[in-house]
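The next block holds one structure in the form of structure tokens; read it before the comments.
Values in this text are rule-based calculations from the coordinates and carry no lab data. Just so you know, these numbers come straight off a predicted model, no measurement behind them. In this analysis, Cβ positions are derived from the backbone assuming ideal geometry, glycine residues included, and neighbour counts consider all displayed protein chains.
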Amino acid sequence: MKSPVKRVAAIHDLSGIGHVSLTAVIPILSTMGIQVCPLPTAVLSAHSRYNEFHFVDLTGHVPAFIDHWKKLGVRFHGIYSGFLGSHRQIRMVEEMITAFRHDDPLVVVDPVMGDDGKLYGPMKPEMVNEMRQLIGRADLITPNLTEAAFLIGKEPPAQIGTEELKDWIKKLSEMGPGMVVVTSVPDPDSDKRTTVIAYNRQDNRFWRVSCDYLPADYPGTGDCFASVMVGSLLQGDSLPVAIDRAVHFISSGVRITFGYNYDPNEGIMLERVLNTLNMPVNNGSYQILD
Ligand code: PXL
């Protein structure tokens, strides 16, 4: 089944409230002209940073979804995973990659595990090992600084020098992915700025995009960031243009939301910024790092 519209298999949960996972992935990629085929790993009333939520685990159904897609002969231009709640789910993403690798899809693993120096509540320390194995199968990974540290077995730092981070990123790339993008890196020169650093192994180049830091913590911004990266790369953008687009999209989303007295658990007001994804690409802000 070939399609003129690019198609991505998205292996994430579906959380009813909070603009995370599939409720971020689907609108962003659809707006960017990419078809999303969701492979929901779980359905939640709201994401797991709420104190209470109702949770329906779909892990046991994932192999049947994969089998049916194989039977249909569906072809994917991308395979994209995010928040995974168990060892089994991580292994199922690997099975999905194996089952559909013949079309050489762009494999993107967002190794969602934690932030601000800590693992998220449902994440068990053993899952870090499984995630290390999974990133070995990816073309692109998008950890935040905390996740990058866990993946290479270091303590998450409050600050990191550029040379040390470049060294970490090369180590991550040696684990498999040709493109590594680390988000939420504090700017060593200004506590009012935050940066994203990207590396492309093919040409051995590092890129940086920075933006203003606002003191707000909205769940799902990592999912929105990685989704814009997926859409942008599948539209044919280069890595620095893709990070530029993703950073500016998140930055607008945070700015628009921050002005309201609004429960941050609800994530950014995605609906207010989605249309900016169709505006002409402004690629004026990325820098190359020597
Ligand atoms: O990637 C964010 C996310 C996705 N899905 C669930 C979550 C979170 C963050 O807390 O709880 C269920």
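Things to note:
- Any chance ARG132 is in a loop (DSSP other than H, G, I, E, B) and basic (Lys, Arg): no
- Contact map, segment 227-249: residues that are free of Cβ contacts under 8 Å to residues at least 24 places away in the same chain paired with residues that are acidic (Asp, Glu), Cβ distance under 9 Å, separation 6+ or inter-chain. No pairs are found.
- Lone unmet requirement of (1) more than 16 Å from the ligand (Cβ to nearest atom); (2) closer than 26 Å to ILE97 by Cα; (3) in contact with a strand residue (DSSP E or B) (Cβ under 7 Å, 6 or more places away or on another chain) for VAL181: (1)
- Checking every residue in segment 13-28 against the condition of being under 16 Å from MET92 (Cα atoms) and within 15 Å of the ligand (Cβ to nearest atom) gives at least one match.
- Candidates VAL56, VAL43, VAL74, VAL20: the one that is out of contact with any helix residue (DSSP H, G or I) (no Cβ under 6 Å at 6 or more places or on another chain) and in a loop (DSSP other than H, G, I, E, B) is VAL74.
- Residues within segment 17-39 that are more than 24 Å from THR276 (Cβ to Cβ) and crowded, with 19+ Cβ neighbours inside 10 Å, tallied: 1
So that you can scan it fast, the table gives a plain yes or no per residue for (1) assigned to a helix (DSSP H, G or I); (2) of a type in the set (Phe, Trp, Tyr); (3) in contact with a helix residue (DSSP H, G or I) (Cβ under 8 Å, 6 or more places away or on another chain); (4) within 15 Å of the ligand (Cβ to nearest atom):
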position	(1), (2), (3), (4)
PHE225	yes, yes, yes, yes
VAL228	yes, no, yes, yes
GLY236	no, no, no, no
SER251	yes, no, no, no
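- Only listed residue being within 16 Å of the ligand (Cβ to nearest atom), free of Cβ contacts under 8 Å to residues at least 40 places away in the same chain and either on the phi < 0 side of the Ramachandran plot or part of a loop (DSSP other than H, G, I, E, B) (or both), chosen from THR98, THR146: THR146
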